[in-house]
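S.K.: Structure below; questions to follow.
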Amino acid sequence: MLTAAASTTILGRLGHAADTPPNSTASAAPVGTASTATAASSITATGYGTDPDMIKSYQPGDVWPLTLTADQRITAAALCAVIIPADATSPSAAELGVHDFIDEWISAPYPEQARDRPIIIDGLAWIEGTSQQRFNRHFAALTAAEKNTICDDICSKEKASPTHVPAAQFFARFRDLTAGGFYTTPQGMKDIGYVGNMPLITFDGPPPEVLKQLGLA
Amino acid sequence: MALLTSRKTQPRYDVIVVGSGAAGGQTAYTLAMEGAKVLMLEAGRNYDPTTETPMFQTNGEAPLRGAGTPDKAFGFHDATIDGGWSVPGEPYTNASTDPKRQFAWWRARMLGGRTNHWGRIALRNGPYDFKPYTRDGLGFDWPISYEDVAPYYDKVEMLIGVYGSNEGRENTPNSPEGILQPGPKLRAGELYAQHHGKKIGVPIIPIHRAVLSQRLDGARLAAKLHPNNPTAQRVLTAAMSERAACFWATNCGRGCSIRANYQSTTVHLPPALASGNLDILTDAMGYRVLVDDHGKATGVSYIDRKTREEKTVSARVVVLAASSAESVRMLLNSKSVRYPNGLANSSGLVGKYIMDTVGASLSGQVPALENLPLHNEDGAGGGHAYVPWWLYQEQHAGKLGFARGYHIEFESGRRMPGTGTGAGMEWLTGGNYGARFKEDARRYFGSFIGFAGRGEMIPNENSFCELDPVVKDKWGIPVLRFNWKWSDHETRQAKHMQETAAALIEAMGGKVRSRPKADGRDAISPGGFIIHEVGGTIMGTNATNSVTNQWGQTWDVKNLFVTDGGPFVSNADKNPTLTIMALAWRASDFMLEEMRKGNL
């Protein structure tokens with residue numbers, strides 16, 4: 001699912017080589033089996049079913065309960081703000097409550113999300129543990145520079161040292177979720193340059209300056 | 001006559017139509033508008049697109065930001081209800097455990113069926129596509145030719161509204177003047193691909209989709225579609241006036257509350273109901289075709305999903321339009337002492353020669369599309385352009401290593417963000433965070449392009465469905481078991497699709513996300529994934545080589561018809577829905593004529 005934007009568009013709309021494997025195996029995928037098996041198995045809620053109200057607007061927690069602990073939530077919010085900080089264009093991911101979306105995601109009673117749950121929970125524990133180990137403080141209480149020293153080790157799966165590979169895998173997943181959560185908010189859509197979802201009388205195609213930049217004018 | 005909420009059917013109808021999608025909708029429309037009394041059975045619930053369609057809801061308003069789940073595999077707002085790759089309590093099985101031999105079956109349990117979320121790509125088959133055996137010695141010829149079907153393509157295009165252009169390409173028929181609506185302007189990425197595709201000889205032309213780019217001229221169209229039938233003209237004119245033109249926003253896969261695109265529930269069923277000649281029974285799961293001692297169909301039994309009882313309804317003519325595989329299932333479940341192998345199956349071919357469309361995709365990133373001035377690229381809620389199959393001559397000369405063609409669908413540009421937006425960029429950025437990450441997300445948004453090949457599968461002996469000897473659904477109805485195998489023609493074609501996609505991306509100066517697979521078997525999507533399953537009740541010239549004649553009339557039971565994709569004997573790369581509708585209209589005209597003559 002979380003690949004390049006264009007390919008998800010294509011897969012979702014046209015490709016149908018969808019994120020969900022066909023057949024009954026889709027709902028039979030094992031729930032997380034790592035050290036957090038207990039955390040993973042705490043998901044007993046049911047999903048929204050095959051006939052949900054599509055008109056309604058939903059918030060995280062509306063359909064199934066959120067499950068991060070207060071401490072996990074603080075770490076998640078802090079990491080969201082490191083990955084997508086506030087700038088002149090838009091607020092930080094934490095200010096927009098993206099950590100609530102991540103909580104919704106890993107608390108969901110579906111197989112893809114169940115696979116992510118131990119990755120995220122173990123990863124947040126690694127972040128917090130590393131922060132305590134290096135700085136003897138909570139991650140959320142670190143200075144920006146201190147947070148960066150932790151994130152710099154794990155922000156690239158390619159460059160991460162062998163001991164950091166699992167943490168780098170967590171970071172990549174957390175970053176993807178942060179991005180997906182952030183860019184689906186009104187502020188995030190505006191930030192990234194999405195100006196559609198507006199009824200128009202005519203569709204005029206790309207404006208002249210676009211064609212010029214593409215060498216098609 | 002109306003949507004039956006009291007579940008009181010008439011004692012007898014002229015025709016029972018099982019299914020309410022493209023085939024059922026078209027069949028019921030044609031019959032009801034011309035005066036036949038029709039009862040439609042739909043397994044799912046009633047569905048009203050005018051009140052139930054999420055039009056401007058963003059992904060941010062959906063659980064999981066709209067991401068697909070087993071409950072809603074194409075995303076939360078997709079117009080599929082009680083369906084998807086699995087339907088709760090209604091399984092199907094696969095005979096093989098080999099991952100390469102699986103078939104996945106997408107169903108919807110709702111009025112209008114899969115037309116509600118359909119991609120709306122509406123391409124005509126060409127002359128070659130009806131005579132593939134004659135052309136290359138593989139598969140089968142249809143008992144009809146393009147000329148037989150062309151008038152019905154015209155009618156369907158006029159009725160449902162199709163945008164696109166006439167490009168005069170080989171085996172890619174033009175529509176007569178005045179039928180197609182003007183297509184929308186191409187988007188930046190489509191124009192850029194078109195321009196650079198020329199360098200490598202890959203044509204990109206406007207696509208045809210069942211979306212209104214302007215309002216329909218109801219009176220003119222109704223007079224053409226229903227000559228000498230003032231009642232039908234009046235009803236259709238009124239129904240067409242209820243349809244708005246596209247307002248160039250929202251994804252067609254959600255359905256359309258303003259009825260700008262085709263779905264059975266907004267185009268076929270409203271006028272058919274307004275004619276006064278159609279009753280619709282929802283939550284009625286078709287089970288068996290009932291037959292009398294003379295081998296004539298007398299009606300249908302169905303499971304009432306509300307009461308779980310098996311009930312029966314009667315008619316002069318029975319039409320199965322339940323989707324090709326579901327119609328096969330009903331025929332096989334209609335077995336009796338007289339028909340131990342299922343109904344209409346004296347040939348032994350019911351369930352045989354099922355086909356899907358070959359699918360393979362490849363995506364990439366194009367630097368030229370980065371940081372384009374912001375503009376609204378939503379457009380018609382789907383593609384404006386596509387790559388038609390262009391290598392007919394090379395293929396015919398045996399130069400390609402596979403026998404049939406494909407087209408390529410693609411999308412690009414800044415589309416409504418979802419959970420994939422800003423995600424998975426590490427292959428471009430090396431992996432970062434913070435201010436730099438935000439800049440990169442802006443830079444790359446809209447610069448991705450993905451190409452999805454859609455190709456013709458040749459029917460084969462190893463791809464068929466049958467009743468599972470053990471498994472039943474929650475209604476107690478035996479379920480289908482699928483057998484599936486791609487041939488080298490399909491897997492080589494899938495490899496070629498990915499290579500073409502890579503060549504296009506590179507011609508645009510872009511980078512592919514991953515290299516084309518060396519082996520097409522790793523490139524091809526599993527069977528059923530493109531949701532174009534057809535065949536299983538193939539049409540032909542006689543009762544031993546086919547299940548139905550050219551009208552979808554079963555050889556064995558003359559008042560039993562199949563009007564969905566089941567009678568297809570080949571599955572051209574052109575998406576099947578328009579052809580399903582054209583053939584359903586043609587079959588319905590035949591039924592009307594035969595009923596008038598007293599032959600049915």
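S.K.: Per-residue accessible area for B:HIS489 at 1.4 Å probe radius, Å² rounded to 10?
M.R.: 60
S.K.: Next up: P(r) tail for the stretch B:306-382, what percent of Cα pairs lie past 21 Å?
M.R.: Above the 21 Å cut-off, the stretch B:306-382 has 60 percent of its Cα pairs.
S.K.: Rounded to the nearest percent, how much of the accessible area of the stretch A:59-194 (1.4 Å probe, protein heavy atoms only) is carbon and sulfur?
M.R.: Accessible surface attributable to carbon and sulfur in the stretch A:59-194 totals 55 percent.
S.K.: Using the heavy atoms of the protein chains alone and a 1.4 angstrom probe, what is the accessible area of the stretch A:59-194 per residue in square angstrom?
M.R.: Heavy-atom SASA per residue in the stretch A:59-194 reads 39 Å².
S.K.: Now a separate question. Whose amide H sits under 5 Å from the amide H of B:GLY401, counting only residues 5 or more places off or on another chain, with H placed in the peptide plane?
M.R.: Result for B:GLY401 returns nothing.
S.K.: Once both labels are modelled 7 Å past Cα along the beta-carbon direction, what's the B:GLU439-A:ALA70 spacing in nm?
M.R.: The modelled label-to-label distance comes out at 4.0 nm.
S.K.: Another question about this same structure. Would you kindly find the accessible area of B:PHE247, with a 1.4 Å probe and non-protein molecules such as ligands, DNA and RNA excluded, rounding to the nearest 10 Å²?
M.R.: Only protein atoms counted, so the area is about 40 Å².
S.K.: Further, regarding this structure: With all pairs of different alpha carbon atoms counted, what Kirkwood hydrodynamic radius in Å does the stretch A:145-204 show?
M.R.: Every distinct Cα pair counted, the radius reaches 14.0 Å.
S.K.: Another question, if that's okay. Convex hull over the Cα atoms of the stretch B:99-186, averaged projected area in nm²?
M.R.: So the Cα hull casts an average projection of 9.2 nm².
S.K.: Please go through the stretch B:325-376 and write out the trypsin sites (Lys or Arg not before Pro) that DSSP classes as loop and that have at most 11 other C-beta atoms within 10 Å.
M.R.: When the trypsin sites (Lys or Arg not before Pro) of the stretch B:325-376 are filtered for loop state and at most 11 Cβ neighbours within 10 Å, B:ARG338 remain.
S.K.: Starting from the residue with the highest accessible area, list B:LYS185, B:LYS574 in decreasing order, probe 1.4 Å.
M.R.: B:LYS185, B:LYS574
S.K.: Identify, among A:PHE135, A:TYR183, A:ALA86, the residue whose Cα sits farthest towards the positive end of the charge dipole of the stretch A:59-194, taking +1 on the Cβ of Lys and Arg and -1 on the Cβ of Asp and Glu, with the dipole about the Cα centre.
M.R.: Of the candidates, A:PHE135 comes out farthest on the positive side.
S.K.: Restricting to DSSP loop positions (anything but H, G, I, E, B) with no more than 10 other Cβ atoms inside 10 Å of their own Cβ, which trypsin sites (Lys or Arg not before Pro) remain in the stretch B:8-38?
M.R.: B:LYS8
S.K.: To continue, here is another question. Roughly how many Å² of A:ARG134 are accessible to a 1.4 Å probe, to the nearest 10?
M.R.: 100
S.K.: Can you work out the Karplus-derived ³J(HN,Hα) for every residue in the stretch B:120-136? Use 6.51 cos²θ - 1.76 cosθ + 1.60 with θ = phi - 60°, whole Hz, and x for glycine or proline.
M.R.: Karplus-based 3J(HN,Hα) across the stretch B:120-136 equals 6, 7, 10, 9, 6, 5, x, x, 4, 5, 8, 10, x, 5, 4, 7, 9 Hz.
S.K.: Looking only at other chains, what is the average number of their beta-carbon atoms within 10 angstrom of each beta-carbon in B:443-449?
M.R.: Other-chain Cβ atoms within 10 Å of each residue's Cβ, averaged: 5.
S.K.: With a bin width of 5 angstrom, please list the P(r) values of the stretch A:59-194 as percents of all Cα-Cα pairs, from the 0 bin to the one holding the largest distance.
M.R.: Using 5 Å bins, I get a P(r) of 2, 11, 20, 23, 21, 15, 7, 2, 0 for the stretch A:59-194.
S.K.: Another question, if that's okay. What residues in the stretch A:165-192 lose 20 Å² or more of accessible surface when the other protein chains are added to their chain alone (1.4 Å probe)?
M.R.: Checking the loss per residue gives A:ARG175, A:ASP176, A:ALA179, A:GLY180, A:TYR183, A:THR184, A:MET189, A:ASP191, A:ILE192.
S.K.: Another question about this same structure. Going down the table (A:LYS157/B:LYS72; B:LYS8/B:LYS72; A:LYS190/A:LYS212; B:LYS199/B:LYS511), which pairs top 26 Å between alpha carbons?
M.R.: From the list (A:LYS157/B:LYS72; B:LYS8/B:LYS72; A:LYS190/A:LYS212; B:LYS199/B:LYS511), the Cα-Cα distance tops 26 Å for A:LYS157/B:LYS72; B:LYS8/B:LYS72.
S.K.: Can you list residues whose amide H is under 5 Å from B:ARG45's amide H, if they're 5+ apart or on another chain and H is modeled 1.01 Å from N?
M.R.: Result for B:ARG45 returns B:MET110, B:LEU111, B:ASP283.
S.K.: Starting from 0 in steps of 10 Å, tell me what percent of the Cα-Cα pairs of the stretch B:169-239 lands in each bin.
M.R.: Pairs per bin, as whole percents: 16, 32, 28, 14, 9, 1.
S.K.: Then there's this: In the stretch B:79-180, which GluC sites (Glu not before Pro) fall in coil by DSSP and have 16 or fewer other Cβ atoms within 10 Å?
M.R.: Filter output for the stretch B:79-180: B:GLU167, B:GLU170, B:GLU177.
S.K.: Sticking with this one: Around B:GLY422, which amide H atoms from residues at least 5 apart in sequence, or from another chain, sit under 5 Å from its own amide H, with H modelled in the peptide plane?
M.R.: A:ALA5
S.K.: Among B:PRO151, B:ALA360, B:THR548, whose Cα sits farthest toward the positive end of the charge dipole of chain B (+1 at Cβ of Lys/Arg, -1 at Cβ of Asp/Glu, about the Cα centre)?
M.R.: Among B:PRO151, B:ALA360, B:THR548, the one farthest towards the positive end of the dipole of chain B is B:ALA360.
S.K.: Over the stretch B:1-148, what per residue volume does the convex hull of the Cα atoms give, in whole Å³?
M.R.: Once divided by residue count, the hull of the stretch B:1-148 is 217 Å³.
S.K.: For chain B, calculate the relative contact order in percent as a whole number, restricting contacts to Cα pairs under 8 Å that are 6 or more residues apart.
M.R.: 23
S.K.: For the stretch A:59-194, what's the relative contact order in percent, using C-alpha pairs closer than 8 Å and at least 6 residues apart?
M.R.: Taking the mean separation of contacting Cα pairs over the length of the stretch A:59-194, I get 26 percent.
S.K.: Relative contact order of the stretch A:145-202: what whole-number percent is it, with Cα pairs under 8 angstrom and at least 6 residues apart?
M.R.: Relative contact order comes out at 19 percent.
S.K.: Now, a different point. Identify all lysines with a Cα-Cα distance to B:LYS472 below 23 Å; exclude those on the same chain that are fewer than 8 residues away in sequence.
M.R.: Cα-Cα hits under 23 Å: B:LYS306, B:LYS311, B:LYS335, B:LYS352.
S.K.: For chain B, give the percent of accessible area contributed by carbon and sulfur heavy atoms, probe 1.4 Å, rounded to a whole number.
M.R.: 49
S.K.: Per residue, how much space in cubic angstrom lies within the convex hull of the C-alpha atoms of the protein assembly as shown?
M.R.: Each residue corresponds to 150 Å³ of Cα convex hull volume.
S.K.: For B:LYS472 and B:ALA219 in one chain, what is 0.36 nm times their gap in residues minus the Cα-Cα distance, to one decimal in nm?
M.R.: 86.2 nm
S.K.: For the stretch B:208-238 and the stretch B:56-101, write down the distance between their C-alpha centroids in whole Å.
M.R.: Going from one Cα centre to the other spans 35 Å.
S.K.: So for the stretch B:502-582, what percent of the C-alpha to C-alpha distances run longer than 21 Å?
M.R.: 50
S.K.: Using the Kyte-Doolittle scale, find the helices of chain B whose mean hydropathy is at least -0.5 and whose Cα atoms extend 15 Å or more along the helix's long axis, counting only whole DSSP H runs.
M.R.: B:22-33, B:146-160, B:230-241, B:577-597
S.K.: Could I ask something else about it? Per DSSP helix of 4 or more residues, -39500 (n - 2.57); summed, then divided by the residues of chain B. What does that give at 222 nm, rounded to the nearest 500?
M.R.: -7500 deg cm²/dmol
S.K.: Another one. Computed from the mean reciprocal separation of all distinct C-alpha pairs, what Kirkwood hydrodynamic radius does chain B have, in Å?
M.R.: 24.5
S.K.: From the backbone phi of the stretch A:57-63, what are the Karplus-calculated ³J(HN,Hα) couplings (6.51 cos²θ - 1.76 cosθ + 1.60, θ = phi - 60°) in whole Hz, Gly and Pro given as x?
M.R.: Once θ is set to phi - 60°, the couplings for the stretch A:57-63 become 9, 10, 10, x, x, 5, 9 Hz.
S.K.: Determine the total buried accessible area between chain A and chain B, counting protein heavy atoms only with a 1.4 Å probe; round to the nearest 100 Å².
M.R.: 8300
S.K.: Let me know the charge dipole size of chain B about its Cα centre in debye, to the nearest 20, where only the beta-carbon of Lys, Arg (+1) and Asp, Glu (-1) is charged.
M.R.: The dipole of chain B has a size of about 560 debye.
S.K.: In 5 Å bins starting at 0, how do the alpha-carbon pair distances of the stretch B:265-410 split up by percent?
M.R.: Per 5 Å bin, starting at zero, the Cα-Cα P(r) for the stretch B:265-410 comes out as 2, 6, 10, 12, 11, 10, 10, 10, 10, 8, 6, 3, 2, 1, 0 percent.
The values are calculated or read from the model by the stated rules, or taken from the named source; none is laboratory data. Since we're looking at a predicted model, the values are computed, not measured. All Cβ positions, even for glycine, are placed from backbone atoms using ideal geometry, and neighbour counts span all protein chains on display. For the accessible areas, the whole protein counts, side chains as well, though only heavy atoms, and no ligand, DNA or RNA atoms are used. Shrake-Rupley method; radii C 1.70, N 1.55, O 1.52, S 1.80 Å.
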